[in-house]
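The values are calculated or read from the model by the stated rules, or taken from the named source; none is laboratory data. Predicted model only: the values in this text are computed from it and were never measured. When we count neighbours, we look across all protein chains shown, and the Cβ atoms used for this are built from the backbone with ideal geometry, even at glycine. To get the accessible areas, we keep the full protein, side chains included, count just its heavy atoms, and leave off ligands, DNA and RNA. Shrake-Rupley method; radii C 1.70, N 1.55, O 1.52, S 1.80 Å.
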Amino acid sequence: KRYLMLVRNFRKPGKIWNTSLVIGDLEGNVYTPLKRTYFSHYYWTDERTVLAHCKYGERTGMFAINIDDGSAKELDAPYFHGPGNRDVHCILSPDRKYIIGDGYPLEGKRCLFAYSMDTGMTDIVIRLSTVVPPTDEIRCDLHALFSGDGKYISMDTTQNGRREVCTIPTDVLNF
C-alpha cells in the first residue's frame, strides 16, 4: 500500500552526499519526513514502521521510524554507532526477535552484527575476511538475509578470494 524511496544527491569530491526519505501511497500522496540528511539501508518491519540506519535529529544510528507521524525510537547498540559501522545493512528476523546487519570492514574483516529486540543485547555473529577492491564501487557487502523458514542466514562474501554466498544456522542468535 505504501512505498519508500531514497532520493540522493551524489557527493562531490570531499563532500558527503545527502539523502531524502520519500514516502508515497497508491492514492498518490507523497511526503518527505526526512530531508537532505544521511539515510541509508532500511527494512519495513510492519506497514507503519521502517527500520533504518540514518541520521535522525542530531544522532546517527539505527532507528525504528513511524512513517505515519515521523517519530522515531533509537535502537541503542554499540555496533550501530562504532568504527566501520557508518552504514549498517539491516534486516529483521522472521520471528521478529533479532536485527542483523553488516557495516564496513573492521581490521580487514566484514562483521555480521546481531541485536536482540527482547534484551537489547548485541553480538558479532561472524567475522569474514574480505578482499579489498581497487575501487569502492565493486566492494562486497554481506547483505545478509534470512531463509524463508528462519533457520539460516545467507550472505555475500569474498573470504575465499572470489564473490560467493555462504550460510550459517540461526542458532548463533541465542543471546
For this session: Within the stretch 129-149, track down each residue that is open to solvent by 90 Å² or more (accessible area, probe 1.4 Å), part of a loop (DSSP other than H, G, I, E, B) and more than 17 Å from PRO105 (Cα to Cα).
Result: ASP149
For this session: Among the numbered conditions (1) within 26 Å of GLY61 (Cβ to Cβ); (2) touching a residue at least 40 places away in the same chain (Cβ under 8 Å), tell me where GLY148 comes up short.
Result: (1)
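Which of the residues belonging to the stretch 150-175 are open to solvent by 100 Å² or more (accessible area, probe 1.4 Å), farther than 23 Å from HIS41 by Cα and assigned to a loop (DSSP other than H, G, I, E, B)?
Listed by number, the residues that qualify are LYS151, ARG162, ASN174.
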For this session: Being farther than 30 Å from ASP25 by Cβ, open to solvent by 40 Å² or more (accessible area, probe 1.4 Å), of a type outside the set (Phe, Trp, Tyr) and out of contact with any Cys (no Cβ under 6 Å at 6 or more places or on another chain) narrows it down to one of LYS109, LYS97, so name that one.
Result: LYS109
Exercise. Here are LYS12, LYS97: which of them is closer than 29 Å to PHE175 by Cα and more than 15 Å from the chain's Cα centre (by Cα)?
Worked result: LYS97
Problem set entry | Complete set of residues in the stretch 9-41 that are part of a strand (DSSP E or B) and either free of Cβ contacts under 8 Å to residues at least 12 places away in the same chain or open to solvent by 90 Å² or more (accessible area, probe 1.4 Å) (or both) | ASN9, VAL30, TYR31, LYS35, ARG36
Seminar exercise, completed: Filter the stretch 42-80 for residues that are aromatic (Phe, Trp, Tyr) and part of a strand (DSSP E or B); the one that is nearest to the chain's Cα centre (by Cα) is TYR42
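Residue-wise test of (1) of a type in the set (Phe, Trp, Tyr); (2) closer than 26 Å to GLY150 by Cα; (3) at pLDDT 85 or above.
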| site | (1), (2), (3) |
| --- | --- |
| TYR3 | yes, yes, yes |
| HIS53 | no, yes, yes |
| LEU75 | no, yes, yes |
| ILE91 | no, yes, yes |
| GLY108 | no, no, no |
